[in-house]
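**Student:** First the structure, then my questions, so here it is.
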Amino acid sequence: MTRKDVPAKRLALLALVAALALHGHLAFAQNVAADPTAIANSYVEAPHNWQLWFPAAASPMQAKIDWLMQYVLWIMLGVVVFVAVVMGYAMWRFRAGRNPKPSTTTHNTLIEVIWIVVPCIILAIVIIPSINLIYYEANDSDPYMTVTVTGHQWYWEYKYESVPGLDYTSYMVPDNEIQPGEIRRLSVDHPLVLPVGEKIRFVITSADVLHGFYLPSLGVQKYAIPGTNQTSWTTIEKPGTYFGQCNQICGLNHDAMPIEIKAVPLNDYLAWTKEALANYTDNTVSQPLSSPMPRNQLADATR
Ligand SMILES: [Cu+2]
């Protein structure tokens, strides 16, 4: 390789990296998962190293969010490039050295009309799909099922409104108890199990401080606020494991309340509800407040 080949190769590499970044998948990524194949025949959507952009959309909601994000981003890129070029040209063309006697022009009606009308048109182009998406997100009517999600310091509680008595807690698996196939700081002891292809409504609240119920691949993000119910909804398109996290700083162990969702076919979900009703009785949150700190918090507090 000769010396002058180097800049060309660097340029090509730079262009490739830029193209990858623009496409949103700068994925010289190593999966954080210990062994993804260990979760048998299952699709796992988890954050990975060097991740840029959103995770792959697993619900129509997230697909629409992803689309709008790219749509606005391209328009924004056009505006930034245009303004930079015009400013650069003006600085060069009207520099003091070239214009010892400055122009005294202060108004140009045509240009002033254009720079008011064009941004209005751009805003209209952006706002129409945005409002459509806001209405789409707000329409949580006629769900197949409703889960009440309560944030606690520091775990989640899931109450299935359509399955009387099914109300359980979900704690992060501490680092020293991670099993093969589990993901450190994302896997939980009792995941939120949901059916694929059905509209699921979440009623989100908190028992103590502000938390955030954030499911990036499913297009759900709502604050959990004490004394208030916020709703959101999603439809999961394919079976798999999806991860989310509390994304509102909620205290010492804020990082220790991930959300793990197991999405399964409807029949498997219905079978699971029976099994969970029988086995999760010792996992409800009806412990007195004075009860000892649950083991996961203990393990966590000492790390
Ligand atoms: Cu939290």
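**Student:** If S291 passes every condition in (1) within 16 Å of the ligand (Cβ to nearest atom); (2) in a loop (DSSP other than H, G, I, E, B); (3) modelled with pLDDT under 90 but one, which one does it miss?
**Tutor:** It is condition (1) that S291 fails.
**Student:** Look at the stretch 102-138 and say how many of its residues are in contact (Cβ under 8 Å) with a residue 60 or more places away in the chain and of a type outside the set (S, T, Y).
**Tutor:** Let us first name the residues in the stretch 102-138 that are in contact (Cβ under 8 Å) with a residue 60 or more places away in the chain, namely 129-130, 133, 136-137.
Next, from what is left, pick out any that are of a type outside the set (S, T, Y): 129, 133, 137.
The total comes to 3.
**Student:** Need the failing condition index for S42 against (1) modelled with pLDDT of 90 or more; (2) in contact with a strand residue (DSSP E or B) (Cβ under 7 Å, 6 or more places away or on another chain); (3) in a loop (DSSP other than H, G, I, E, B), just the number.
**Tutor:** Just one mismatch for S42, condition (1).
Residue by residue, here is whether (1) outside any loop (DSSP other than H, G, I, E, B); (2) free of Cβ contacts under 8 Å to residues at least 12 places away in the same chain; (3) away from the ligand (no atom under 15 Å from the Cβ); (4) not hydrophobic (A, V, I, L, M, F, W, C) holds:
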| site | (1), (2), (3), (4) |
| --- | --- |
| D208 | no, no, no, yes |
| S217 | no, no, yes, yes |
| T228 | no, no, yes, yes |
| W233 | yes, no, yes, no |
| E237 | no, no, yes, yes |
| G244 | yes, no, no, yes |
| I259 | yes, no, no, no |
| A263 | yes, no, yes, no |
| W272 | yes, no, yes, no |
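**Student:** Pairs, please: C-beta under 7 Å, at least 6 apart or cross-chain, first residue part of a helix (DSSP H, G or I) and in the stretch 54-80, second hydroxyl-bearing (S, T, Y)?
**Tutor:** P60/T235; M61/T234; Q62/S217; K64/Y136; L68/S130
**Student:** Here's a follow-up. Need the failing condition index for T106 against (1) surrounded by 10 or more Cβ atoms within 10 Å (Cβ to Cβ); (2) away from the ligand (no atom under 16 Å from the Cβ), just the number.
**Tutor:** (1)
**Student:** Then there's this: Looking at A276, is it within 12 Å of the ligand (Cβ to nearest atom), at pLDDT below 95, within 22 Å of V44 (Cβ to Cβ) and of a type in the set (A, V, I, L, M)? Give the steps one after another, and end with the answer.
**Tutor:** On the way: within 12 Å of the ligand (Cβ to nearest atom): no; at pLDDT below 95: yes; within 22 Å of V44 (Cβ to Cβ): yes; of a type in the set (A, V, I, L, M): yes.
The answer is no for A276.
**Student:** While we're on this one: Quick one: in the stretch 184-201, of everything that is within 16 Å of the ligand (Cβ to nearest atom) and in contact with a Pro (Cβ under 9 Å, 6 or more places away or on another chain), which residue is nearest to V173 (Cα to Cα)?
**Tutor:** Pass one, the stretch 184-201, residues within 16 Å of the ligand (Cβ to nearest atom): 185-186, 188, 192.
Imposing the further condition that a residue be in contact with a Pro (Cβ under 9 Å, 6 or more places away or on another chain) reduces the set to 185-186, 188.
Values: R185: 7, L186: 8, V188: 5 Å.
Of everything passing the filter in the stretch 184-201, V188 is nearest to V173 (Cα to Cα).
**Student:** Give the residue that is farthest from the ligand (Cβ to nearest atom), with candidates limited to residues of the stretch 134-179 that are among the charged types (D, E, K, R) and within 20 Å of I200 (Cβ to Cβ).
**Tutor:** Pass one, the stretch 134-179, residues among the charged types (D, E, K, R): 137, 140, 142, 157, 159, 161, 167, 175, 177.
Among the residues that remain, those that are also within 20 Å of I200 (Cβ to Cβ) are: 137, 140, 142, 157, 159, 161, 167.
Details: E137: 22, D140: 22, D142: 30, E157: 12, K159: 17, E161: 22, D167: 19 Å.
For the stretch 134-179, the residue satisfying everything is D142.
The values are calculated or read from the model by the stated rules, or taken from the named source; none is laboratory data. What you see is a predicted model; the values in this text were computed from it and never measured. When we count neighbours, we look across all protein chains shown, and the Cβ atoms used for this are built from the backbone with ideal geometry, even at glycine.
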